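> Okay, handing you the structure first.
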Protein chains: 2
Amino acid sequence: MAYTYLSHLYCPRCENRYSANELYNLCSCGSPLLVAYHLEKAKKEWHYEQLHKRLPSLWRYHEMLPVTDPENVISFGEGMTPLIDMRAIGDHYDISYLQMKDEGLVPTGSFKARGAAVGVSKAKELGVEAIAMPTNGNAGAAWSLYASRAGIDAHIVMPKSAPPITHKECQIGGARVYIVDGLISDAGRMVAKAAHKYGWFDASTLKEPYRIEGKKTMGYEIAEQLNWQLPDAIVYPTGGGVGLIGIYKSLQELRGLGWIEEDQAFPRLVAVQAENCAPIVKAYDEGNKESEFWPDSETVAFGINVPKALGDFLVLEAIEQTNGCAVAISDDEILKEQERVADLEGAFICPEGAATLSAVQQLREEKWLARDDHVICLNTGLGLKYPETVETPHTVLAPDYEI
Amino acid sequence: MAYTYLSHLYCPRCENRYSANELYNLCSCGSPLLVAYHLEKAKKEWHYEQLHKRLPSLWRYHEMLPVTDPENVISFGEGMTPLIDMRAIGDHYDISYLQMKDEGLVPTGSFKARGAAVGVSKAKELGVEAIAMPTNGNAGAAWSLYASRAGIDAHIVMPKSAPPITHKECQIGGARVYIVDGLISDAGRMVAKAAHKYGWFDASTLKEPYRIEGKKTMGYEIAEQLNWQLPDAIVYPTGGGVGLIGIYKSLQELRGLGWIEEDQAFPRLVAVQAENCAPIVKAYDEGNKESEFWPDSETVAFGINVPKALGDFLVLEAIEQTNGCAVAISDDEILKEQERVADLEGAFICPEGAATLSAVQQLREEKWLARDDHVICLNTGLGLKYPETVETPHTVLAPDYEI
């Protein structure tokens with residue numbers, strides 16, 4: 001049996017095909033490229049019963065991942081994150097079966113590790129010696145550390161407003177870090193130029209085809225954790241949208257593999273954005289197939305501060321095809337929700353994750369979600385990475401103080 | 001089949017027995033209490049083949065955990081952390097098979113979550129409504145968040161020098177946090193008094209018998225991950241020593257269950273401390289059965305700044321019984337090692353974890369470890385929780401800067 005059923009790359013917009021054995025960024029038409037597998041063959045040869053004895057990492061699905069030689073796998077044991085019951089919040093919002101998939105429990109403390117694991121492994125396989133990327137923080141941290149493990153040089157450009165803690169992760173990973181007095185879009189321009197000038201591989205979001213393969217494993221895991229049943233809705237914080245595109249891709253593959261029933265409805269996919277950076281929500285509301293650049297975007301949920309995503313049309317398609325929707329949440333509500341989740345459930349989640357739980361409340365109030373829907377929210381990272389969201393009092397007691 | 005084979009509590013010093021259905025702190029002789037199980041019965045009824053289909057969390061070993069009703073289990077999916085190959089560092093130190101068990105990948109980002117998960121679950125089962133504990137940071141953070149999930153009040157006393165990020169975790173978990181201008185010993189005194197005054201359960205390290213049960217699961221997992229073979233040495237950062245005591249206890253239980261062969265040698269257990277807080281190392285060097293209070297202790301590895309551990313005699317016994325040893329590492333070397341691990345392996349680990357890898361280098365140089373020993377180091381937490389250990393440059397580039 002093959003280690004992977006990898007077939008080729010294809011353009012979801014113009015249907016051009018490319019070899020998966022050579023290095024590509026975008027399609028010549030400007031669209032991101034996606035990875036295709038020999039699904040029919042895999043369906044005959046590979047069954048989920050074979051997963052039981054495998055390690056609880058995303059590499060358990062290596063047949064549907066793009067790495068051809070296991071020697072190229074760069075891993076810190078990422079994946080198979082827990083699905084946690086959220087009974088107290090569920091009761092609070094009148095949802096009988098609410099769960100949170102906790103992506104805080106991966107290396108570097110954010111779901112970006114999934115994309116980095118697969119993206120860096122494939123870059124190594126294709127002979128990449130140096131990568132460059134712009135980042136709002138977490139992706140840069142993840143790619144720096146995985147690149148370090150792979151022996152690949154990393155050049156990371158981040159806005160000065162990116163969380164200091166992610167800067168430190170890049171730094172200790174040995175990346176060359178450039179801090180720019182500007183936005184992620186300025187960082188992106190610097191990267192594109194430098195990549196061209198020095199021959200570095202531009203690993204910007206969706207400019208390389210493989211990180212999405214890492215992120216789609218969230219979908220495989222949810223299905224496996226639910227014993228190949230699917231929830232009614234999956235609620236996802238959406239910046240670049242790679243996670244949502246990936247989960248939608250995983251559902252299509254799972255159907256192709258016959259691991260979920262042909263007539264099993266896909267979960268409705270919900271994209272959650274911040275009120276002050278909601279291009280996907282706007283496009284969804286207006287019935288458009290692409291989003292427009294969102295000027296002067298700003299939000300405490302730094303990871304979803306993406307004014308215009310390269311894969312916006314894929315996100316909107318995933319929402320449409322699953323009868324999903326898109327919702328915007330205010331920063332105020334996000335921070336309140338973060339506290340509520342810690343208070344009621346004991347989980348210290350990131351603002352992006354908190355936004356999804358707020359969205360659940362809103363969608364339940366609007367009756368878009370029913371009481372007995374099985375809803376899964378994605379917490380995409382550790383609250384720990386955003387220590388400034390929690391205020392602590394400063395009273396210091398004398399050592400002989402009596403409580 | 002029973003959910004647990006829990007039998008009773010016993011004192012490892014005076015052999016007194018106590019019921020496991022009532023709340024106890026220490027033995028009347030002042031020693032910590034340990035948990036006993038019906039091993040003979042479990043050996044007949046429970047086999048590791050039954051583990052395959054269970055979730056990858058520490059609760060997969062619930063037969064050897066103290067909770068009797070699964071409804072009382074408070075879990076965020078903690079446990080079954082990855083064993084990561086450290087080939088580059090191994091090559092560097094001339095060890096052919098070096099692995100790191102990464103306890104950064106648990107809720108709250110430190111191995112303290114294991115103790116909190118089991119300790120809080122059992123506290124809930126025994127009807128505890130409020131706990132109090134002194135902490136250097138990570139334990140308080142873990143217990144606060146698990147207590148919040150259990151609906152138990154938490155009173156946490158920490159020295160003002162504890163990492164601010166752990167203070168924030170306690171805070172958002174809804175604990176009442178008291179910051180004291182003193183040491184962990186001052187915090188401990190405040191807790192003991194207040195617990196007595198208000199009827200709170202004193203959950204100080206080893207003053208409650210159950211956190212050790214959570215931590216012993218590291219030993220179960222290592223054995224399962226190695227397919228019930230054992231490594232030659234396990235290297236552990238040692239403050240209170242609960243992890244090491246727990247791993248030793250797990251080895252004895254695994255032998256009792258017949259899951260490891262009767263004649264299979266236990267791994268040599270190595271306790272690693274910081275040079276400026278090395279009471280166990282001193283006792284080991286001098287051949288003593290207990291340690292002495294270490295005055296003016298100070299180390300960057302905050303989690304192992306414990307001048308006198310209540311369970312020191314159990315740590316020293318575990319070392320002696322396994323032909324292990326105890327090693328002290330300087331703060332300078334710890335910080336250099338932390339950088340080296342990120343540089344060579346891409347892992348951003350905590351200073352305590354870095355100390356164990358330094359210890360491997362030292363023990364290999366001294367030929368205490370052989371080239372072909374299979375050595376497992378424990379990284380007890382995320383490097384992320386110690387952002388101040390990484391310095392970052394502050395040059396900010398203009399948005400039109402050309403790299």
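None of the figures in this text is laboratory data; all of them are computed from the coordinates on show. Bear in mind the structure is a predicted one, so any value in this text is a computation, not a measurement. Cβ coordinates were reconstructed from backbone atoms using ideal geometry, including for glycine residues, and neighbour counts include every protein chain displayed.
> Evaluate Rg over Rh across the range B:99-190, taking Cα atoms for both radii and Kirkwood's formula for Rh. Could the numbers behind the result be given before it?
Values: Rg = 12.8 Å, Rh = 13.1 Å.
Result: Rg/Rh = 0.98.
> Something else about it: Calculate the all-directions average of the projected area of chain A's alpha-carbon convex hull, and give it in nm².
It is 21.4 nm².
> Something else now. For the range B:284-363, what's the relative contact order in percent, using C-alpha pairs closer than 8 Å and at least 6 residues apart?
28
> Counting only Cβ atoms, what residue of chain B lies nearest to the axis that sends chain B onto chain A, and how many whole Å off?
Rotation axis B onto A, closest Cβ, rounded to whole Å: B:56, 2.
> Which value at 222 nm does the protein assembly as shown reach when only helices count, each DSSP H run of 4 or more adding -39,500 (n - 2.57), with the total divided by all residues and rounded to the nearest 500 deg cm²/dmol?
Result for the protein assembly as shown, helices only: -11000 deg cm²/dmol.
> Charges at C-beta only: +1 for Lys and Arg, -1 for Asp and Glu. How large is the resulting dipole of the range A:140-188 about its Cα centre, in Debye rounded to 20? Let's see the in-between values first.
Values: 4 positive and 4 negative charges, 29 e Å.
Computed charge dipole of the range A:140-188: roughly 140 debye.
> Based on the alpha-carbon set only, what is the convex hull volume of the range B:65-136 divided per residue, in Å³?
124
> Can you list the copy-to-copy distances for residue A:401, using a point 7 angstrom from Cα toward Cβ, in nanometres, shortest first?
Nearest to farthest, the other copies are at 4.3 nm.
> Along the principal axes of its C-alpha atoms, what lengths does the range B:141-256 span, in descending order and rounded to whole Å?
Largest first, the range B:141-256 extends 46, 27, 25 Å along its Cα principal axes.
> Once you list every other residue whose beta carbon is under 13 Å from the beta carbon of residue A:24, what net charge do they have if Lys and Arg are +1 and Asp and Glu are -1? Provide the component values of the computation, followed by the final result.
On the way: positive: A:17, A:122, A:207; negative: A:22, A:202, A:208.
Neighbourhood net charge equals 0.
> Counting only DSSP beta bridges with both residues in the protein assembly as shown, what percent are antiparallel, rounded to the nearest 5?
If we restrict to bridges inside the protein assembly as shown, about 25 percent are antiparallel.
> Can I ask one more? What relative contact order, as a whole-number percentage, does the range B:338-396 give when Cα pairs under 8 Å and 6 or more residues apart are counted?
Averaging sequence separation for qualifying contacts and normalising by length gives 39 percent for the range B:338-396.
> Full extension from residue B:92 to residue B:298: what is 0.36 nm times the residue separation minus their Cα-Cα distance, to one decimal in nm? Let's see the in-between values first.
Numbers: separation 206, 0.36 × 206 = 74.16 nm, distance 2.91 nm.
71.2 nm is the gain from fully extending residue B:92 to residue B:298.
> Can you give the three extents of the C-alpha atoms in the range B:151-204 along their principal axes, from longest to shortest, in whole Å?
Taking max minus min along each principal axis of the Cα atoms, the range B:151-204 gives 29, 28, 13 Å.
> Count charges around residue B:316 for me, please; just the other residues with Cβ under 10 Å from its Cβ, Lys/Arg as +1, Asp/Glu as -1.
Neighbour charge sum, excluding residue B:316 itself: -3.
> Turning to a different aspect of this structure: Can you give the Kirkwood hydrodynamic radius for the range A:1-150, in Å, rounded to one decimal and based on Cα pairs?
For the range A:1-150, the Kirkwood estimate is 17.5 Å.
> Shifting gears a bit: Relative to the other copies, what are the label-point distances for residue A:160, with labels 7 Å from Cα along the C-beta vector, expressed in nm at one decimal and sorted shortest first?
With the label placed 7 Å along Cα→Cβ, residue A:160 yields 3.2 nm.
> Rounded to the nearest 5, what is the percent of antiparallel bridges among the DSSP beta bridges in chain A? Could the numbers behind the result be given before it?
Values: 12 of 43 bridges.
If we restrict to bridges inside chain A, about 30 percent are antiparallel.
> Dividing the alpha-carbon radius of gyration of the range A:2-70 by 2.2 N^0.38 Å (N being the number of residues), what value is obtained?
1.27
> Further, regarding this structure: By counting other Cβ atoms within 10 Å of each Cβ, how are B:31, A:121 ranked from fewest to most?
Working: B:31 20, A:121 27.
Going from least to most buried by this count: B:31, A:121.
> Count charges around residue A:41 for me, please; just the other residues with Cβ under 15 Å from its Cβ, Lys/Arg as +1, Asp/Glu as -1. Mind showing how you got there, number by number?
Values: positive: A:43, A:44; negative: A:40, A:45, A:63, A:253.
Charge balance in the 15 Å sphere: -2.
> Another one. For the protein assembly as shown, report the translational diffusion coefficient in µm²/s to the nearest whole number, using Stokes-Einstein at 20 °C, 1.002 mPa s, and a Kirkwood Rh over Cα pairs. Let's see the in-between values first.
Details: Rh = 26.9 Å.
Calculated translational D: 80 µm²/s.
> At 7 angstrom along the Cα-to-beta-carbon line, where would the label on residue B:258 sit relative to the other copies? Give the distances in nm, shortest first.
4.1
> Could you list the square roots of 5 times each eigenvalue of the Cα gyration tensor of the range B:262-361, that is, the equivalent ellipsoid semi-axes, sorted largest first and rounded to whole Å?
Details: eigenvalues 113, 71, 18 Å².
Over the Cα atoms of the range B:262-361, the semi-axes work out to 24, 19, 9 Å.
> Based on the Kirkwood radius over alpha-carbon pairs, what value in µm²/s does the Stokes-Einstein equation return for the translational diffusion coefficient of the range A:354-403 at 37 °C and 0.692 mPa s?
222
> Let me ask something else. Cut-off is 10 Å between beta-carbons; in what order do B:284, A:48 appear when sorted fewest neighbours first?
In increasing order of surrounding Cβ atoms, one gets A:48, B:284.
> If contacts are Cα pairs under 8 angstrom and at least 6 residues apart, what is the relative contact order of chain A in percent?
17
> Between the range A:159-183 and the range B:66-91, what's the alpha-carbon centroid distance in Å?
The range A:159-183 and the range B:66-91 have Cα centres spaced 31 Å from each other.
> Calculate, in whole percent, how much of the Cα-Cα pair population of the range A:40-96 lies beyond 12 Å.
Roughly 76 percent, rounded to a whole number.
> Could you pull out every residue, at least 5 positions away or on a different chain, whose amide H is within less than 5 Å of the one on residue B:369? Hs are placed 1.01 Å off N in the peptide plane, and Pro or chain starts have none.
B:364
> How many angstrom lie between the Cα centre of the range A:346-403 and the Cα centre of the range A:16-63?
35
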